[in-house]
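Every read-out reported here was derived from the displayed coordinates using simple, explicitly stated rules and does not represent laboratory data. Being a predicted model, the structure only gives us computed values, none of them experimental. Glycine gets a Cβ as well: all are built from the backbone with ideal geometry, and neighbour counts include every protein chain shown.
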Amino acid sequence: MASEIRAIFNTSNIEDARRLLDQTVERYSKSAPKLAQWAETAIPEGLAVFNFPEEHRRRLRTTNVVERLNKEIKRRTRVATLFPNEASCLRLVSAVAMEISEEWLTGRIYLKIKKE
């Protein structure tokens, strides 16, 4: 199923993506009806990435940015190891998020949007 979902999002246009989605739902409707129902409901929401330029789609449909943020938070909290209370942990996590936000504002450009 994962490879079929990947194929849906790797198509070049939304029409092909919908066609592949319909085929996938049909294929799993008898053997895994709950999975087919989930795919029919949830995957069309993700097809919104086809409204953006092709060069932005991969970055918009993946969770790489969120995974990287979570990895950095985990690394920083592991170094501190012991927090006296919940508020101190929240301060550290907030500081990490703010630091990454500042890097995004001043650092490299993640999506290069062409102004027309």
Inset, instruction - Starting from the Cα-Cα distance between Asp16 and Glu40, subtract it from 0.36 nm times their residue separation and give me the gain in nm to one decimal. - result: 7.1 nm
Inset, instruction - Could you tell me, in Å, what Rg and Dmax come out for the Cα atoms of the chain? - result: 19.6, 54
Inset, instruction - Run a plain Debye calculation on segment 27-88 (Cα atoms as equal point scatterers, no solvent) and give log10 I(q)/I(0) at q = 0.15, 0.17, 0.20, 0.24 Å⁻¹, rounded to two decimals, same order as the q list. - result: -0.74, -0.78, -0.85, -0.97
Legend entry - For segment 64-106, the fraction of alpha-carbon pairs in successive 10 Å shells from zero, as %: 27, 54, 18, 1
Legend entry - Net charge dipole size for the chain [Lys, Arg +1 and Asp, Glu -1 on Cβ; Debye, nearest 20]: 380 debye
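So what's segment 2-61 giving for Rg/Rh, alpha carbon basis, Kirkwood Rh from the mean inverse pair distance?
With Rg and the Kirkwood Rh in hand, the quotient comes to 0.99.
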Inset, instruction - Would you kindly state how much longer the chain becomes between Leu47 and Val93 on full extension, computed as 0.36 nm times their sequence separation minus their alpha carbon distance, in nm to one decimal? - result: 13.4 nm
Inset, instruction - Please give the helix 86-106 orientation as an angle from the longest Cα principal axis of the chain, in degrees from 0 to 90, rounded to the nearest 10. - result: 70 degrees
Inset, instruction - Before anything else, pin down the relative contact order of the chain: Cα pairs under 8 Å, at least 6 apart, normalised by residue count, whole percent. - result: 15 percent
